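Contents: one structure, followed by commentary.
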Amino acid sequence: MSDQTLFEHVGGFPFFDTLVDRFYEGVEGDPPMRALYPEDLKPGKRALSLFLGQYFGGPTTYSDEKGHPRLRMRHVSFRITEVERASWLKHMSAAVVAAELDATAETAMLDYFTMAAQHLINAE
């Protein structure tokens, strides 16, 4: 990846928009997971794409619009157990693998998603 951010390396927001679409396809086919999301997925898709783009070195549009990400706080109203963590990570990991990234980029993304999903567990 040299001196590029991962955001630049993968092609910017078009990559993250596609990644998020793939992730939500998995969620939509998983009734227990789908039940955790609002009926209209469009705002959540946009927010997730902006957040991921920012996290991986892109513009600060997410923070400019929504403030500090505060990931755990934003998810505290959802009951997240190991079951939800595993299901979310399964769909996100599948979306990352489907992107056919080089090994360095794929590992960086999967490592982040694994850590983030674990961090959001708030119930047993």
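Cross-link partners of K90 among lysines, defined as those whose alpha carbon lies under 24 angstrom from its own and excluding same-chain residues fewer than eight positions apart: K42, K45.
Computed from Cα positions, the angle between helix 42-55 and the longest principal axis of the chain comes to roughly 50 degrees. Restricting the GluC sites (Glu not before Pro) of region 23-59 to loop positions (DSSP other than H, G, I, E, B) with no more than 13 neighbouring Cβ atoms within 10 Å leaves E39. Free of any trypsin sites (Lys or Arg not before Pro) that DSSP assigns to a loop and that have at most 13 other C-beta atoms within 10 Å, the longest stretch within the chain is 1-69. Nearest 10 degrees, 0 to 90: what angle lies between the long axis of helix 82-98 and the longest principal axis of the chain (Cα atoms)? On a 0 to 90 degree scale, this one is about 30. Taking Cα atoms only, the orientation of helix 103-119 departs from the longest principal axis of the chain by about 30 degrees. Between L110 and V97, the modelled labels are 0.8 nm apart [label points 7 Å from Cα along Cα→Cβ]. Net charge of the neighbourhood of R22, taken over other residues with C-beta under 12 Å away and scored Lys/Arg +1, Asp/Glu -1, is -4.
Restricting region 73-124 to chymotrypsin sites (Phe, Trp or Tyr not before Pro) that sit in a DSSP loop and have at most 12 other Cβ atoms within 10 Å of their own Cβ leaves F78.
Cross-link reach is defined here as a Cα-Cα straight distance under 19 Å, omitting same-chain residues fewer than 8 places apart; for K66 the aspartates and glutamates meeting it are D17, D40. Within region 74-111, the GluC sites (Glu not before Pro) that combine a DSSP coil assignment with at most 15 other C-beta atoms in a 10 angstrom radius are E100. Computed over the chain, relative contact order equals 32 percent, with contacts defined as Cα pairs under 8 Å that lie 6+ residues apart. Only Cα sites of region 49-101 enter the Debye sum here, all with the same form factor; the resulting log10 I(q)/I(0) across q = 0.22 1/Å is -1.00, listed in q order. Using Cβ point charges alone (K and R +1, D and E -1), the dipole size of the chain about the Cα centre works out to roughly 500 debye. Which one, M73, V20, L110, is farthest towards the positive end of the dipole of the chain when Lys and Arg carry +1 and Asp and Glu -1 on their Cβ? Farthest towards the positive end: M73.
Just to confirm a number: summing +1 for Lys and Arg and -1 for Asp and Glu over residues other than A99 whose beta-carbon lies under 12 angstrom from that of A99, what do you get?
Numbers: positive: R22; negative: D17, D21, E100, D102, E106.
It works out to a net charge of -4.
Shown here: Rg and Dmax of the Cα atoms in Å, derived from the displayed model; of the candidates (i) 14.1, 42; (ii) 13.6, 44; (iii) 20.7, 83, it corresponds to (i).
Per the helix-only calculation at 222 nm, which mean residue ellipticity applies to the chain, given -39500 (n - 2.57) for every DSSP H run of n ≥ 4 and division by its residues, nearest 500 deg cm²/dmol?
Details: 8 runs with 84 residues, N = 124.
-20000 deg cm²/dmol, from helical runs alone.
Applying 0.36 nm per residue to the separation of E28 and A86 and subtracting their alpha-carbon distance, the gain on full extension is 19.3 nm.
A short reminder: the numbers here are calculations on the coordinates, not readings from a lab. Quantities reported herein were computed from a predicted structural model and do not represent experimental measurements. FYI the Cβ positions are ideal-geometry reconstructions off the backbone, even for glycines, and counts take in every protein chain you see.
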